[in-house]
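*Asks:* Got a structure for you, written out below as structure tokens; questions coming shortly.
The numbers here are math on the coordinates, done by the rules we state, and not lab data. Since the structure is predicted, the reported quantities are computational estimates derived from the model, not experimental observations. Cβ placement follows ideal geometry from the backbone for every residue including glycine, while neighbour counts extend to all protein chains displayed.
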Amino acid sequence: MEQLGIGIAGTGNIAGGYADDIVTHPEIRLVAATDLDSSRAAAFGEAHDCRIHRSLDELLADPAVDIVVNLTVHQAHYAITKQALEAGKHVYSEKPFALRTEQAWELVELARSRGLRLGCSPATFLGEAQQTAAGVIRSGRLGQVRAIYADVSWGRLETWHPAPQAFHEVGALFDVGVYPLTLVTTMIGPATSVGASGWELMPDRQTLSGERFRIGSPDLVMSTVELQGGAVLRLTTSFYVGAPVKGQGSIEFHGDDASLFLGSFQNFDAEVELGPFGGDYAPVELVRPGPARIAWARGVAEMAQAMAEGRPHRASAEQAAHVVEILEAAARSVADGGRRVSISSTFSPPPLLSWAEPTPA
Ligand SMILES: NC(=O)c1ccc[n+]([C@@H]2O[C@H](COP(=O)([O-])OP(=O)(O)OC[C@H]3O[C@@H](n4cnc5c(N)ncnc54)[C@H](O)[C@@H]3O)[C@@H](O)[C@H]2O)c1
């Protein structure tokens, strides 16, 4: 298989995780990177042995770059992805795909009209634990799933992230709410409406370097999302509550016959447990062992493999745009006293990976 060249835009906190994981995938190879901060980019080039370009224009003119991986801040995702597509590059973006629904679907259309691939994180549904959970749910062992509880209590990121302001400006719902929303819509299907309430519990924060700032959006949002088929997701997202909270990143799917517990939306080795209604949870063996973290490049590697095989990739732009619509609708609901907002877009949930398919009896 031809190896596709990856060019990273944005060599910040998460770029090292991508670079370390890219080398484990034979479909892709890191060739170049760029960042507004030239010294940060230079240090990244040194550490990961790739070319550093002085600007995005230069990166986009590099013929060795087949796929641009957009790891810039949330606020820049739309503009950078658009510019890369217009330059004829395939793109894989970190989440959220865009901050506005209209912009998200514009990108989907742009990629489609140019015949380019466009993928987006989170691709955590490709993890071993998450694929195991999806397989159990799709097998029908829970009966009809009617209620889902998800918590992302991600704590006060200014206590560890060197540049937390961009995250607090968009808030926990847009930053980490995308993880359960992507997993749940993968496993159950698209959303039809959302209602939400939000609070700014601790508006004044301080960076690690002592700079004071105010958060720009609620640090606690409670949403209820109705899904096609009638299931309801209760989603809590917070940049105030964090460790030692017990429901930090777990999801429970409750069906007529049984419930399934997924211990983490992100760790690929998370516990998966299944229990009959009224009984106890018992562990489910994972379809294969997974790493105790996110394998960051798995989504873009799967996209490269799909390109070689001429089939759709799984971390689709359509699903990412649908999730942006849920986020924007939830934010509108928060601003409008919790009124329910309808979701009009839809997408086709991705199939299980071949290694997670049940073996025929
Ligand atoms: N940090 C994490 O743990 C984490 C985890 C999952 C996903 N993400 C996602 O990854 C993205 C980046 O997060 P991060 O933590 O690395 O942020 P960061 O602030 O550490 O890094 C972002 C980098 O993008 C650069 N940048 C911004 N605008 C740019 C532009 N127009 N052109 C080129 N470079 C530009 C910045 O200079 C910075 O170096 C975010 O969207 C976030 O949602 C981060």
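*Asks:* Tell me, which residue of region 1-24 that is among the aliphatic types (A, V, I, L, M) and in a strand (DSSP E or B) is farthest from the ligand (Cβ to nearest atom)? Step through it out loud before you land on a result.
*Replies:* Kept after step one, since they are among the aliphatic types (A, V, I, L, M), are these residues of region 1-24: 1, 4, 6, 8-9, 14-15, 19, 22-23.
Next cut, in a strand (DSSP E or B) only: 4, 6, 8-9.
Working: Leu4: 21, Ile6: 15, Ile8: 9, Ala9: 5 Å.
That would be Leu4.
*Asks:* Of all residues in region 132-164, count the ones that are within 16 Å of the ligand (Cβ to nearest atom) and not hydroxyl-bearing (Ser, Thr, Tyr). Break it down into steps so the answer makes sense when it comes.
*Replies:* To start, the set of residues in region 132-164 that are within 16 Å of the ligand (Cβ to nearest atom) comprises 152-164.
Within this subset, residues satisfying the condition of being not hydroxyl-bearing (Ser, Thr, Tyr) are 152, 154-158, 160-164.
Result for region 132-164: 11.
*Asks:* Which number in (1) in contact with a strand residue (DSSP E or B) (Cβ under 8 Å, 6 or more places away or on another chain); (2) within 11 Å of the ligand (Cβ to nearest atom); (3) within 30 Å of Leu233 (Cα to Cα); (4) of a type in the set (S, T, N, Q) marks the one condition that Gln75 misses?
*Replies:* All conditions are met except number (1).
*Asks:* Sticking with this structure for a sec: How do the helices (runs of 4 or more DSSP H) wholly within region 25-143 filter down when requiring 2 or more residues that are touching a Leu at 6+ places or on another chain (Cβ under 6 Å): which remain?
*Replies:* Numbers: elements: 38-48, 56-60, 77-86, 101-114, 128-138.
Correct list: 77-86, 101-114, 128-138.
*Asks:* Take region 172-204 and flag every residue that is more than 17 Å from Leu327 (Cα to Cα) and in contact with a Phe, Trp or Tyr (Cβ under 6 Å, 6 or more places away or on another chain).
*Replies:* Listed by number, the residues that qualify are Leu201, Met202.
*Asks:* Scanning region 225-280 for residues that are in contact (Cβ under 8 Å) with a residue 40 or more places away in the chain and among the aromatic types (Phe, Trp, Tyr), which turns out nearest to Glu128 (Cα to Cα)?
*Replies:* Phe268
*Asks:* Let me ask something else. Out of all the residues in region 159-171, is one or more in a helix (DSSP H, G or I) and without any contact (Cβ under 8 Å) to a residue 60 or more places away in the chain?
*Replies:* The first filter runs over region 159-171 and keeps only residues in a helix (DSSP H, G or I), leaving 159, 165-171.
Okay, now just the ones that are also without any contact (Cβ under 8 Å) to a residue 60 or more places away in the chain, so 159, 165.
There is at least one residue in region 159-171 that is in a helix (DSSP H, G or I) and without any contact (Cβ under 8 Å) to a residue 60 or more places away in the chain.
*Asks:* Quick one: would you say Gln83 is touching a residue at least 12 places away in the same chain (Cβ under 8 Å), surrounded by fewer than 21 Cβ atoms within 10 Å (Cβ to Cβ), within 14 Å of the ligand (Cβ to nearest atom) and farther than 24 Å from Pro63 by Cβ?
*Replies:* Working: touching a residue at least 12 places away in the same chain (Cβ under 8 Å): yes; surrounded by fewer than 21 Cβ atoms within 10 Å (Cβ to Cβ): yes; within 14 Å of the ligand (Cβ to nearest atom): yes; farther than 24 Å from Pro63 by Cβ: no.
Here the answer is no, as Gln83 does not meet what is asked.
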